[in-house]
1. Can you work out the FRET efficiency for the pair B:Glu208 and B:Val59, with r the C-beta to C-beta distance and R0 = 41 Å, to the nearest 0.05?
2. For A:Asp62, A:Asp222, what's the fewest-to-most ordering of other Cβ within 10 Å of each Cβ?
3. Could you tell me which of A:Ala307, B:Pro33, B:Thr51 has its Cα farthest along the dipole of the protein assembly as shown towards the positive end, charges placed at Cβ (Lys, Arg +1; Asp, Glu -1), taken about the Cα centre?
4. For A:Lys378, which lysines qualify as cross-link partners when the Cα separation must be under 19 Å and same-chain residues fewer than eight apart are set aside?
5. So what is the calculated 222 nm ellipticity per residue for chain B, using -39500 (n - 2.57) for each DSSP H run with n of 4 or more, over all residues, to the nearest 500 deg cm²/dmol?
6. Would you list which aspartates and glutamates come within 20 Å of B:Lys21, measuring only between C-alpha atoms, while excluding same-chain residues fewer than 8 positions from it?
7. Under 10 Å, Cα contacts only: if you run a Gaussian network model on chain B, which one of B:Gly63, B:Gly144, B:Gly126 comes out with the highest mean-square fluctuation?
8. By how many degrees, between 0 and 90 and to the nearest 10, does the Cα long axis of helix B:214-223 differ from the longest principal axis of chain B?
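Just so it is clear, none of the values below were taken in a lab; they were calculated from the coordinates. As the structure is a prediction and not an experimental result, all values here were calculated from the model. Don't worry about glycine lacking a Cβ; one is built from the backbone with ideal geometry, like all the others, and counts go over all protein chains shown.
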Amino acid sequence: MHLIDRRTFLKISGLTGAGIVAPRVVFAADATSAAADRPQAAPWRSRLVKFPEKTEMILLTDRPPQLETPLKYFKQDLTPNEAFFVRWHLSGIPTSVDLGTFRLSVGGHVEKPLSLSVADLKKNFEPVSLVAVGQCSGNSRSFFQPRVAGGQWANGAMGCAKWTGVRLKDLLERAGVKSGAVDVRFAGLDEPPLPDTAKFVKSLDLQHAADGEVMVAYAMNDADLPMLNGYPLRLIVPGWFATYWVKSLNQINVLPEKFKGFWMDKAYRIPKADNHNESPQRLATETIPINRHTLRSIFVTPPNVAALADKPIEVEGLAFDDGTGVTKVELSSDGGKSWNETKFVGDDMGKYAWRRWKTSWTPPAPGSFTLMCCATNKAGVMQTTAPQWNRSGYQRNVIEQIQVEVRA
Amino acid sequence: MKRIALLVIVLAASIAQAQVKSIELPKYQPYLPPGPGRELFATSCLSCHATRYITMQPVMTQGKWEESVRKMIKTYGAPISEELVPEIAQYLVAFQQAPLDPLSRVTANPEPKISFDPNAGDAGKGKAVYARACASCHGTEGKGDGPAMANLLPVATNLTAGRFARSAVVRAITHGVPGTSMPAFPSLSAGDVQDVVACVTQMGGATEPTIVSDQAKLLFTQNCASCHGNDGRGDGFNASTLPRAPTNFSQREPATEQALKAITDGVAGTPMPSWKAKLADPQRKLLADYVRTLYHGD
């Protein structure tokens with residue numbers, strides 16, 4: 001294993017254009033598990049903490065809370081509510097909600113503004129359910145090289161849950177969107193601690209908001225949402241990064257113009273060109289808001305399995321994309337020269353859910369082996385090892401590599 | 001009939017109660033290892049986030065940290081003057097070389113079992129209790145300058161500036177003040193507590209009266225209420241998330257110059273930021289006067 005040098009990085013990042021299905025192994029080294037810097041083993045990650053309604057999780061920060069899901073919870077189809085990752089932006093988070101007074105407002109460029117209690121939503125709209133992966137834009141940020149400041153997540157800033165609620169489309173129809181509407185803006189109960197900090201507000205274009213899939217959820221895995229995951233209502237935008245999944249949602253505003261706001265115009269942006277890559281020396285001049293999930297697969301086991309030569313070990317992981325649909329996940333144990341298809345396990349819970357995969361691998365001899373997993377989707381897109389970097393550490397999805405030490 | 005009506009009321013009350021969901025967040029003491037710029041960092045950064053934001057970062061250079069602090073100012077509106085950026089960054093570099101964050105939980109102590117009459121104490125007897133239990137941090141005269149305070153943030157409260165409600169002092173002594181070095185004193189008898197409260201509340205006194213101005217009230221609502229609450233009772237929206245509770249001005253009347261200093265320089269080691277870069281001198285003076293009008297006593 002060796003680190004990518006800067007020149008190679010520049011050369012390659014200029015070559016992989018958007019939409020091109022690149023050969024999956026550009027060269028056999030990626031920095032994910034470089035021994036020199038193993039972020040997932042950083043000492044600060046060793047302390048597990050228990051926050052209200054949550055199980056023991058990896059503490060990134062306590063105020064505002066950012067809690068990472070331990071990998072062991074990814075051995076099941078649905079991530080339990082108590083283990084689902086937590087990420088708030090502003091320290092003024094809701095710690096108490098009174099359903100007697102809580103109202104979701106739907107207003108702005110509409111005929112009939114609505115003010116709805118959670119009971120109204122449950123009673124007066126058709127309930128819908130959907131299983132979807134919620135993934136932080138910065139999931140796996142700590143694996144980028146060079147390192148990027150920000151929440152130092154390993155792979156646990158995501159989870160897969162069953163969401164139940166009402167279609168945003170139905171709410172918008174009930175309110176009667178006026179002609180000329182362009183965007184829909186979403187805000188929740190969280191507040192900035194200081195007056196000059198921008199409130200967390202996100203937007204979707206109207207067409208997307210009214211696609212019938214975007215949902216206002218009041219239940220997560222058939223229970224109330226934990227407070228820290230957005231009780232009592234959360235916007236669910238299937239296939240899109242969770243930055244759009246506004247927590248404790250209480251304001252929906254239809255706009256007759258493009259929404260302008262810090263959390264869309266300045267934060268959560270990715271390079272527009274070069275397959276959304278850039279380099280520290282040559283930052284992209286044009287950026288766009290982050291949007292759909294990129295295709296990815298990860299290892300759930302091992303990471304630290306003790307392997308013996310000629311003794312098969314189980315290798316397990318999961319894969320998902322933006323709803324296009326993962327068709328296969330392959331495993332390589334020889335640096336990407338040869339690949340073997342793994343088996344899907346668990347249930348197929350719909351196109352926005354993840355698929356778990358499993359395979360057995362028999363180490364042929366003692367020594368150090370690099371395992372790689374690679375997903376392919378229905379559109380024929382395949383993950384690659386092409387170096388990936390952006391200044392914010394978003395949407396990491398290079399082929400993951402893990403090191404297995406095999407003893408005699 | 002009456003009984004049914006009562007039942008309905010009880011039911012309605014329990015339904016209303018069932019509709020409120022609340023959580024109590026665990027809180028951690030800000031970790032402030034020694035280093036140049038420690039106090040400046042401790043008055044500039046803790047309003048919005050915990051020190052754990054530093055703990056988890058990859059090792060960064062002075063230049064990278066300066067970039068980070070500037071981002072806080074420019075994109076997140078942190079009230080920090082540009083010329084302070086290098087010193088804060090210097091501390092952040094030192095922070096990353098310090099031992100790992102011990103992650104100490106801020107715990108609230110349980111309600112004391114004995115009850116206290118806050119008005120029953122003997123200040124004369126209280127002096128001896130004070131000398132034994134309080135003076136090492138709060139100083140022999142209560143100015144918050146005792147020898148044990150070296151390097152502790154936040155520093156001990158100056159008990160001579162302004163005044164405190166007796167019930168607030170009782171609470172501090174029996175519960176401690178979470179998020180500070182002030183412990184609870186379970187070893188003090190009820191009589192000792194009453195006496196020392198009498199002694200402490202005599203150390204300060206009422207400040208000059210001021211007039212409430214609409215402008216001051218507006219400034220308070222815009223800048224302070226998110227933590228201190230609209231009426232200054234320390235119960236703003238953010239209050240429940242903070243390691244040290246915001247000052248409750250209904251029970252604490254600071255001296256003018258003390259309030260002005262807190263607003264101008266922040267209170268190191270607490271989420272109270274310095275407002276020098278955001279509010280002009282006259283505005284800060286207005287606020288210092290305004291918070292003194294919120295005192296109600298017990």
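1. So, using R0 = 41 Å, E works out to roughly 0.20.
2. A:Asp222, A:Asp62
3. In the protein assembly as shown, that residue is A:Ala307.
4. List returned: A:Lys328, A:Lys343, A:Lys351.
5. On the way: 13 runs with 126 residues, N = 298.
That comes out to -12500 deg cm²/dmol.
6. A:Glu53, A:Glu82, A:Asp98, A:Asp120, A:Asp190, A:Glu191, A:Asp222, A:Asp224, B:Asp235
7. Maximum among the listed residues: B:Gly63.
8. Value to nearest ten degrees: 70.
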